[in-house]
Amino acid sequence: MEGTENHGRRKSRLEVVERKAEAVRLMFQLYASGKGYKAIVGRINREVYRTKLDNAFSVAQIKSILTNPVYIGKVRYDVRRDWNEKRRNNINPNPIVADGKHEAIISEELWEQVQFMISQKNGKPARIYDGEYPLTGILKCPQCGAGMVISRTTNRNKDGSKQKLTYYACGNWKNKGTTVCHSNMVRVEKANTFVYNQLDKLLSDEKFFKEVVGRVNREHRILKENAIKEREVQEKSLEKIKVRQQRNHELYEDSEISREEFLTRREELNRQLCELREKQTETSMVIPLN
Ligand SMILES: [Zn+2]
């Protein structure tokens, strides 16, 4: 199906996964070093794709990869508000993120740095769910109402040793500076403990607890049903792309299309295939392939 010239260098699935990981790592590093999307896409496609991957990356893909918690070992649920709707603005701004059962490709530190840089660019703090900092974006600045984000300071103790402290701070202050708002910092441990204690009280209320569990179960069932539907759609799309690839080759071999036309179509089909694989990876995180 892939075409005769690909036969000699067909890559194993594992090798492609490793190459992809390498590309993802480089994307995060480049973004963190201040490179723009265009510069990143250029370099990735020049250095990684040409030599090691079958498909080139697009700017849209890089944007989506840079915000996908899959790469720090987490799973993102509920990305689309309604699975049957294909509209672009159908993306849930507050997806549920949980620990996955897969390996992290990049460090949480690098991930956090990139999310912060993206949020600065967008002019609003990203809603990042993190086990250690669960109140990020949920906690609101008491002064201006902006979502609070993580801020770190290093204090020097009297004996010269350093102590790192982590705070929730006003997102407006962190993004735009003191002309807009004050830091209004609160220690992460203090805020977390307060909220956990309140949650503890709520959860010891049996009726409330059962309601919450029931809701989570319902949402999980819907999530799984949606993923199954989505997988069916993906499998059909994959078949279609394969048929088109086959057809493209036949047309070229029968000299019905020019080499240029053949290459353009092949490039486009490869791009579609790459996008589809990305979606399949996400779906397989929700319902693992048998
Ligand atoms: Zn504020």
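Quick check: residue separation of K162 and E211 times 0.36 nm, minus the Cα distance between them. What number comes out in nm?
Working it through step by step, the gained length comes to 13.1 nm.
Annotation: peptides 166-174, 147-155, ranked by per-residue average of other Cβ atoms within 10 Å with the highest first, follow the order 166-174, 147-155.
Please give the length that would be gained between E22 and T264 if that part of the chain were fully extended, namely 0.36 nm times their separation in residues minus their C-alpha to C-alpha distance (nm, one decimal). List each step's numbers first, then the result.
Numbers: separation 242, 0.36 × 242 = 87.12 nm, distance 2.68 nm.
Computed gain between E22 and T264 is 84.4 nm.
Taking the Kirkwood radius as Rh and the Cα radius of gyration as Rg, the stretch 143-190 has a ratio of Rg/Rh equal to 1.08. The number of Lys pairs in the stretch 132-195 with C-alpha atoms less than 23 Å apart, excluding pairs fewer than 8 positions apart on the same chain, is 8.
With the other protein chains left in place, how much accessible area per residue, in square angstrom, belongs to the stretch 132-195 at a 1.4 angstrom probe?
Details: 3820 Å² over 64 residues.
Here the residues of the stretch 132-195 average 60 Å² of exposed surface.
The values are calculated or read from the model by the stated rules, or taken from the named source; none is laboratory data. This structure is a prediction, so every number in the text was calculated from the model and none was measured. FYI the Cβ positions are ideal-geometry reconstructions off the backbone, even for glycines, and counts take in every protein chain you see. Areas reflect the complete protein model, heavy atoms only, side chains present, ligands, DNA and RNA absent. Shrake-Rupley method; radii C 1.70, N 1.55, O 1.52, S 1.80 Å.
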